[in-house]
Each structure stands twice: as C-alpha cells, then as structure tokens.
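Worksheet: the structure to be examined is printed underneath.
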Amino acid sequence: MLSSKQGTSLSLIVNELILNALKHSGNSVEVKFRVDLDYAILTVTDDGPGLPANFDVKYASNTGLALIENLARWDLQGETGYKNREHSSGAQISVSFPLIPQPETAGNVN
C-alpha cells in the first residue's frame with residue numbers, strides 16, 4: 001500500500017521517466033516496480049544512446065530531472081540512481097524509497 005502522497009509523487013515520476021525514455025530511446029522502454037522488504041524500487045530502462053560520460057544530475061538537470069529529484073527526495077524520502085545499461089546501449093534510472101506503513105481502515109466507506 002502507498003499513501004496518497006506517495007502514489008501521486010510516484011505517478012508523476014513514472015510519467016516523467018517514461019516521457020524522457022521515449023524521447024531518447026531507440027525502440028524500447030522497460031518499466032519495473034518491485035517491493036523489497038520495506039522499500040519500493042522503480043526502474044526505467046531504455047535502449048537509446050545512454051547517459052553522457054561524467055553524467056551528474058546536479059549539473060545536467062533539466063526541468064524534468066529536477067522534478068524527479070525533488071519528488072523522490074522530498075516527497076518520497078528516497079533516492080535516485082542514474083547509470084548506463086551494462087551490456088547494451090541505453091540508460092537506466094532508478095528511484096527507491098521507503099514504504100510508509102498505512103493504518104488499517106476500520107470499515108468500508110461508501
């Protein structure tokens with residue numbers, strides 16, 4: 001379960017990462033989301049030219065990357081990772097964040 005704040009922030013991040021991947025990819029974009037104990041990990045991979053050598057999000061930030069960074073760090077209390085794919089061309093961007101325990105609801109709301 002995600003809080004509404006986490007869900008909203010995550011959906012904005014997913015949207016931005018997919019748009020960036022489609023803009024820079026050759027033909028393929030892969031989105032993965034998994035839970036590992038009490039952390040969620042989102043990974044978006046494309047088959048484009050990859051990130052430039054010495055890529056540093058602090059200096060390469062455009063509006064989309066700044067949005068991803070701010071949402072991941074401030075809203076999700078998470079972190080981002082930027083790297084090139086290991087055995088082929090393309091970039092891989094990841095966002096990991098702690099899952100916040102949700103209170104159980106007392107009953108259904110109609």
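Bear in mind that the values in this text are calculations on the coordinates, not laboratory data. Everything numeric here is computed off the predicted structure, so don't read it as measured data. All Cβ positions, glycine included, derive from the backbone under ideal geometry; neighbour counts span all protein chains shown.
Pick from the stretch 75-88 the residues that are among the small types (Gly, Ala, Ser) and under 20 Å from ASP46 (Cα atoms): which of them is surrounded by the most Cβ atoms within 10 Å (Cβ to Cβ)? Checking each candidate, the answer is GLY81. Only one entry in ALA72, ALA21, ALA91 is of a type outside the set (Lys, Arg), crowded, with 17+ Cβ neighbours inside 10 Å and within 23 Å of MET1 (Cα to Cα), namely ALA72. For the stretch 24-50, filtered to residues that are crowded, with 16+ Cβ neighbours inside 10 Å and among the β-branched types (Val, Ile, Thr), the residue that is farthest from TRP74 (Cα to Cα) is VAL29. Annotation: of all residues in the stretch 58-81 being among the aliphatic types (A, V, I, L, M) and touching a strand residue (DSSP E or B) at 6+ places or on another chain (Cβ under 6 Å), the one that is nearest to PRO98 (Cα to Cα) is LEU76.
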